[in-house]
Amino acid sequence: MRHDHVQSPARSSGGTRHLPRRWAHAGSAAALRGLNTVTEEDLAHFAQFLPPTSILSTLTPSPSPAEELAPFNNDWMNKYHGKSTTVLKPRTTEEVSKIVKWCSQRRIGIVPQGGNTGLVGGGVPINDELILSLSNMTKVRSFDDVSGILVADAGCILQSLSDYLAPYHHIVPLDLGAKGSCQIGGNVSTNAGGLRLLRYGSLHGSVLGLEVVLPDGTVLDQLTSLRKDNTGYDLKQLFIGAEGTLGVVTGVSILAAPAPQASNNVILALPKFDNVQPLFKEVKRQLSEILSAFEYMDRTVYDLAVKHGQGRALDPQDVEGAECFVLVETSGGKREHDEEASHIPLPDAQKLNTLLETLMEADEPLINTGVLATSPAQFSALWAIREGLTEAVSKEGNAYKYDVSVPLDKFQEVVDKTREHLQQKGLLHADAVKYVVGYGHVGDSNLHLNIVAAAYTPEIEAALEPFVYELVASYKGSISAEHGIGYMKTHALQYSKNPTSIDIMKRIKHLFDPHGIMNPGKVLP
Ligand code: FAD
Ligand code: MLT
Ligand code: ZN
């Protein structure tokens with residue numbers, strides 16, 4: 001959906017004409033009513049405390065070319081398009097506070113933006129809200145290698161935090177394919193899940209404290225680095241996953257994990273989807289606490305990754321007839337991990353080898369074949385297949401991305417039912433929908449259903465929604481497992497939240513942001 005086609009009722013000359021359903025939720029542009037646009041006077045005010053390098057604007061007196069604002073106005077998928085005239089890049093919490101205070105008084109909508117890798121249109125404006133980019137706030141404030149507590153500016157890129165921690169033998173307890181661009185503040189604001197949630201749990205557990213600029217400009221300092229703090233309501237939790245609707249996260253205190261001394265991985269080809277669940281059970285039984293990831297890809301998406309040169313593919317002959325693939329990772333605290341009763345050291349790599357052997361040699365093998373990484377380069381190359389899926393899919397066309405929680409045994413059914421539905425609608429052909437694929441995080445029952453189309457069209461969207469949401473609801477699943485609601489799913493929130501919950505969410509929003517300036521039109525219907 002391109003919401004640059006949507007006119008707010010205030011500007012529309014079309015009166016109250018009925019909008020087709022596909023635009024119905026785009027009516028959240030109405031949520032922007034009552035908000036003001038940025039003017040030259042506002043810019044003059046910002047210029048009093050921000051250097052010229054922190055202001056990008058197409059407004060006079062010194063307009064930037066529109067192309068310079070394009071990366072901020074368009075999302076990673078090139079699906080959502082804003083029309084902001086102005087991007088501000090403050091360097092300190094104090095500067096963020098001054099900007100927000102001014103916008104609050106002037107009733108200017110603000111879109112906090114991190115690395116702009118979000119997949120639900122939450123990080124770009126709906127209309128011409130001001131974009132507040134955290135990209136100039138990149139300082140590590142402190143790291144304590146005894147407690148493992150890292151305190152950093154919200155604009156720190158996830159990969160740079162990993163690099164920072166490496167010499168201290170620690171890691172950020174979060175990993176995702178977008179790590180080279182996404183920011184820790186964006187991760188917290190989306191409550192990102194990622195590839196190792198199975199091992200390290202959610203950010204609701206590992207984030208210890210936050211510093212947040214509230215929608216009136218007040219700085220809420222909850223940047224505690226205490227592991228235990230039972231002093232009433234845990235306010236920081238509200239901002240984890242709030243997608244910028246309650247305030248701007250400016251600082252994050254997070255519990256880094258000790259770096260595993262040894263990590264290994266294996267990619268397994270399975271003859272049929274039905275084997276995924278027994279395989280997961282067996283893998284957990286054999287690897288127990290050293291299991292750190294168990295990632296699923298169906299055949300079609302695996303083939304797309306291979307086609308687009310992502311990672312190290314398995315030998316094509318060996319995977320003939322394989323219906324799907326699983327990537328298993330182990331991370332152990334010691335190079336030579338447990339000891340068997342015989343006291344023979346059994347390194348983690350050997351455990352994976354044993355796993356592979358027992359799987360292949362079983363009377364009814366759960367797998368066709370598997371490849372074990374035997375060097376750090378191979379380890380990365382196997383991960384590159386899984387981490388490259390998002391990009392491979394986007395190279396094939398425009399992906400409608402549904403990030404859902406459903407019972408693990410329904411992953412394939414969701415993909416198949418969606419494909420059949422599109423087939424029945426006559427939309428499964430090269431000029432409309434090219435592929436329907438599934439991949440995801442098995443340990444978290446999180447399926448990524450991607451519908452790869454030649455173009456984003458209202459017709460395809462109308463075929464997919466509410467079909468997909470109703471399907472997910474029929475399994476009592478969630479319409480957003482980890483990507484959030486953003487702009488894409490505001491109209492579908494009721495599939496996963498009951499009216500009482502939505503009412504409380506609205507009241508919380510009103511309490512923090514009575515003028516509705518903070519990321520307007522996002523999350524709430
Ligand atoms: P943005 O996209 O800039 O913003 C996302 C939302 O957070 C917006 O609503 C924005 O307003 C808000 N926001 C950003 N920064 C702040 C702040 N400082 N204060 C307040 N609000 C803020 N997601 C997963 O969960 N798991 C994955 O495995 C995963 N893999 C991905 C792989 C690829 C290749 C890509 C492109 C995306 C992936 N994502 C994944 C989605 C995305 O990377 C995450 O949602 C990420 O956490 C977004 O961070 P960001 O800094 O890019 O935020
Ligand atoms: C992933 O698991 O790869 C991410 O969530 C991104 C995506 O859904 O494509
Ligand atoms: Zn994911």
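General remarks:
- Charge dipole of the chain (Cα centre as origin; +1 on each Lys and Arg Cβ, -1 on each Asp and Glu Cβ, all else neutral): 1760 debye, rounded to the nearest 20.
- Cross-link partners of LYS410 among lysines (Cα-Cα below 19 Å; sequence separation of 8 or more within a chain): LYS272, LYS281, LYS401, LYS476
- Considering every alpha-carbon pair of the stretch 422-512, the percent of pairs per 5 Å bin, from zero through the bin containing the longest distance, is 3, 11, 19, 22, 18, 13, 8, 4, 2, 1.
- Simple spin-label estimate for ALA70 and ASP274 in nanometres, 7 Å along Cα-Cβ: 5.1 nm
- Rounded to the nearest 0.05, the FRET efficiency derived from the C-beta distance between ASP431 and GLU391 at R0 = 25 Å is 0.60.
- Only Cα pairs under 8 Å and 6+ residues apart enter the sum, and on that basis the relative contact order of the chain stands at 16 percent.
- Above-threshold pairs, the threshold being 26 Å between Cα atoms, out of LYS236/LYS509; LYS179/LYS509; LYS98/LYS179; LYS351/LYS417; LYS89/LYS489: LYS179/LYS509; LYS98/LYS179; LYS351/LYS417; LYS89/LYS489
- Difference of contour (0.36 nm per residue) and Cα-Cα distance, ILE502 to SER147: 124.0 nm
- Extending 7 Å from the Cα toward the beta-carbon at both ASP363 and VAL140 defines two label points whose distance is 5.5 nm.
- In Å², nearest 10: area of THR457 left accessible to a 1.4 Å probe: 40 Å²
- The equivalent ellipsoid that matches the C-alpha gyration tensor of the stretch 23-133 spans semi-axes of 22, 16, 13 angstrom, in descending order.
- Extended-chain gain in nm, criterion 0.36 nm per residue less alpha-carbon gap, GLN48 and THR354: 103.6 nm
- Value of Rg to Rh for the chain, rounded to two decimals, is 0.98; Kirkwood radius and Rg both from alpha-carbon coordinates.
- Extended-chain gain in nm, criterion 0.36 nm per residue less alpha-carbon gap, GLN261 and TYR233: 6.4 nm
- Anisotropy class of the stretch 86-181 from Cα gyration tensor, a/c 1.5 cut: oblate
- Förster radius 45 Å - calculated FRET efficiency between HIS169 and ALA462, Cβ distance, rounded to 0.05: 0.30
- Counting only heavy atoms of the protein chains and using a 1.4 Å probe, TRP383 has close to 10 Å² of accessible surface.
- Solvent-accessible surface (1.4 angstrom probe) belonging to LEU511, in square angstrom, nearest 10: 130 Å²
- Total formal charge among the other residues, if their Cβ is under 15 angstrom from that of ASP274, Lys/Arg +1 and Asp/Glu -1: -3
- Backbone N atoms of the stretch 54-75 closer than 17 Å to the 7 Å Cα→Cβ label point of ALA455 are not found in any residue.
- Taking the protein heavy atoms of the stretch 60-157 in the context of the full set of protein chains, the accessible area attributed to carbon and sulfur is 52 percent at 1.4 Å.
- Under the membrane-span-like helix rule (DSSP H runs whose alpha carbons stretch at least 15 Å along the helix axis, mean Kyte-Doolittle hydropathy -1.0 or higher), the chain yields 93-106, 276-287, 348-361, 376-387, 499-512.
The values are calculated or read from the model by the stated rules, or taken from the named source; none is laboratory data. What you are looking at is a predicted structure, and each value in this text was computed from that prediction instead of being measured. Note that we place each Cβ from the backbone using ideal geometry, even for glycine, and neighbour counts take in every protein chain shown. Heavy atoms of the whole protein, side chains included, go into the accessibility calculation; ligands, DNA and RNA do not. Shrake-Rupley method; radii C 1.70, N 1.55, O 1.52, S 1.80 Å.
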